Amino acid sequence: MVIPFEYAPGATPIDPDEALGLIPTHITTQADLNAWEEMNIVDGEDWMMRQKIIKKLDEGLVRELHRRMFNQTWKWAGKFRQSNKSIGIDWSQIAVSLKDLLDNTAYQIENQIMKPDEIAIRFHHELVLIHAFPNGNGRHARLMADALIVSLGGKRFSWGGSMPLTNAGITRQNYLSALRAADSGYLESLLLFARQ
Ligand SMILES: Nc1ncnc2c1ncn2[C@@H]1O[C@H](COP(=O)(O)OP(=O)(O)OP(=O)(O)O)[C@@H](O)[C@H]1O
Ligand SMILES: [Mg+2]
């Protein structure tokens with residue numbers, strides 16, 4: 001069964017071989033897929049938020065959260081991508097770049113280089129730029145940033161307020177333009193957006 005996938009602006013298209021990794025066999029439409037993914041993500045979110053404090057910011061945690069968010073949906077849940085996408089670094093560099101990011105973030109936390117919000121939002125942006133997984137990078141990197149800020153004693157981010165970020169709409173447009181500003185080194189819009 002081939003699902004006619006629909007993509008919100010700024011979403012990463014799924015390759016045909018990645019699409020073969022779909023676990024549930026009853027899904028035939030994008031709406032079914034969205035609802036199924038959402039259920040799965042709630043499990044991942046519950047697991048992450050039960051941890052309260054991130055003990056070790058390492059590759060294992062990053063992958064485990066992605067696995068728990070998507071393990072009933074995609075066979076490649078928790079596994080790094082093996083092809084290039086329009087966003088993201090060359091796939092062969094993912095493990096190394098992620099390690100750099102995690103080490104730098106741990107250093108920033110330990111030495112209180114920046115305010116907690118700035119550390120977590122910078123981490124979100126750089127994580128989504130690495131784009132470690134075939135899909136689900138946005139949702140995963142937002143939840144990672146939430147877990148990080150809670151761990152640092154802050155409140156979870158609002159990510160633009162109560163409107164869903166996953167479909168096309170003004171909130172998503174604002175999110176994407178804030179990310180593009182961060183791409184050029186200006187983090188302020190993303191910081192404001194995350195607390196709107
Ligand atoms: N110019 C950009 N710079 C940095 N990150 C970007 C840019 N454009 C898109 N992104 C990120 O890539 C994500 C889309 O990647 P992907 O489709 O893997 O994630 P997703 O979780 O499936 O999508 P969504 O965030 O829509 O739920 C966006 O949510 C956003 O976080
Ligand atoms: Mg996507």
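Could you list all residues from region 71-83 that are closer than 20 Å to ASP32 by Cα and either surrounded by fewer than 19 Cβ atoms within 10 Å (Cβ to Cβ) or within 12 Å of the chain's Cα centre (by Cα) (or both)?
The answer is ASN71, GLN72, LYS75.
What about ALA141, is it without any contact (Cβ under 8 Å) to a residue 24 or more places away in the chain and closer than 22 Å to TRP76 by Cα?
yes
(1) within 30 Å of ALA19 (Cα to Cα); (2) modelled with pLDDT of 95 or more; (3) within 11 Å of ligand 1 (Cβ to nearest atom): which one isn't true of ASP146, the others all being true?
Condition (3) is where ASP146 drops out.
Out of region 1-60, which residues are at pLDDT 85 or above, part of a loop (DSSP other than H, G, I, E, B) and touching a strand residue (DSSP E or B) at 6+ places or on another chain (Cβ under 9 Å)?
Within region 1-60, GLY21, ILE23 meet the criteria.
Condition first: surrounded by 12 or more Cβ atoms within 10 Å (Cβ to Cβ) and in contact (Cβ under 8 Å) with a residue 12 or more places away in the chain. Now tell me which residues in region 33-46 satisfy that.
Within region 33-46, LEU33, ASN34, TRP36, GLU37, ASN40, ILE41, ASP43, GLY44, GLU45 qualify.
Can you say whether PHE123 is surrounded by 19 or more Cβ atoms within 10 Å (Cβ to Cβ), touching a residue at least 40 places away in the same chain (Cβ under 8 Å), of a type in the set (Phe, Trp, Tyr) and within 13 Å of ligand 1 (Cβ to nearest atom), as far as the supplied structure shows?
The answer is no for PHE123.
The values are calculated or read from the model by the stated rules, or taken from the named source; none is laboratory data. If you're wondering where the values come from, they're calculated on a predicted model, not measured in any experiment. We place every Cβ from the backbone using ideal geometry, glycine too, and count neighbours over all the protein chains shown.
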